[in-house]
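K.L.:
One structure, as structure tokens, below. Some questions next.
The values are calculated or read from the model by the stated rules, or taken from the named source; none is laboratory data. Here the structure is a predicted model, which is why all the values come from computation and not from measurement. In this analysis, Cβ positions are derived from the backbone assuming ideal geometry, glycine residues included, and neighbour counts consider all displayed protein chains. Accessible surface areas use protein heavy atoms only, side chains included; no ligands, DNA or RNA. Shrake-Rupley method; radii C 1.70, N 1.55, O 1.52, S 1.80 Å.
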Amino acid sequence: MPFSLTNTPSTFMSSMNEILKEYIGKFIIVYLDEILVYNKTKEKHLKHLRLVLNILQQEKLLINLKKCTFMKKELVYLGFILSKNGLKMDPKKYRAIIVGMCHGMSLRSRSFIVSQVFTQNSSDILQA
């Protein structure tokens, strides 16, 4: 993206939504200045990754390899952890909310609230 372009992330997102519209929601997510390619198997992932890279090449768009990551088994993205097991909240993001909400409460009260609100990862939240 040229530096003189205003609203660059939203312009990029609009362009990518148009260019990749056939695949968005199937195995691609575009958000602001990022393109995520996701799949359950390595074979499908490589196939779809090649497809996306070919489309970008056809559109004469370049990627910065220094900013790219490939073949990650787990990814923290927008406050969520994405993996082959599904989607879950990043404990680092909601720990501060729970701790602040429970300020002044006993450990037992905090533990009860956390177990009710976030049945998974409650031990991660309470660890100091």
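K.L.:
Quick test for you: out of SER10, SER15, pick the one residue that is open to solvent by 50 Å² or more (accessible area, probe 1.4 Å) and among the small types (Gly, Ala, Ser).
P.N.:
Unique residue meeting the criteria: SER10.
K.L.:
Determine if segment 101-124 includes at least one residue that is at positive phi, modelled with pLDDT under 80 and open to solvent by less than 50 Å² (accessible area, probe 1.4 Å).
P.N.:
At the first step, the residues of segment 101-124 found to be at positive phi are 104, 121.
Still in the list and also modelled with pLDDT under 80: 104, 121.
Checking the rest, the ones that are also open to solvent by less than 50 Å² (accessible area, probe 1.4 Å) come to 121.
Yes, segment 101-124 contains a residue that is at positive phi, modelled with pLDDT under 80 and open to solvent by less than 50 Å² (accessible area, probe 1.4 Å).
Okay, residues lined up against (1) over 19 Å from THR11 (Cα atoms); (2) in contact (Cβ under 8 Å) with a residue 40 or more places away in the chain; (3) surrounded by fewer than 10 Cβ atoms within 10 Å (Cβ to Cβ); (4) out of contact with any helix residue (DSSP H, G or I) (no Cβ under 6 Å at 6 or more places or on another chain):
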residue	(1), (2), (3), (4)
LEU32	no, no, no, no
ASN39	yes, no, no, no
HIS45	yes, no, no, yes
HIS48	yes, no, no, yes
VAL52	no, no, no, yes
LYS60	no, no, yes, yes
ILE63	no, no, no, yes
LYS66	yes, no, yes, yes
MET71	yes, no, yes, yes
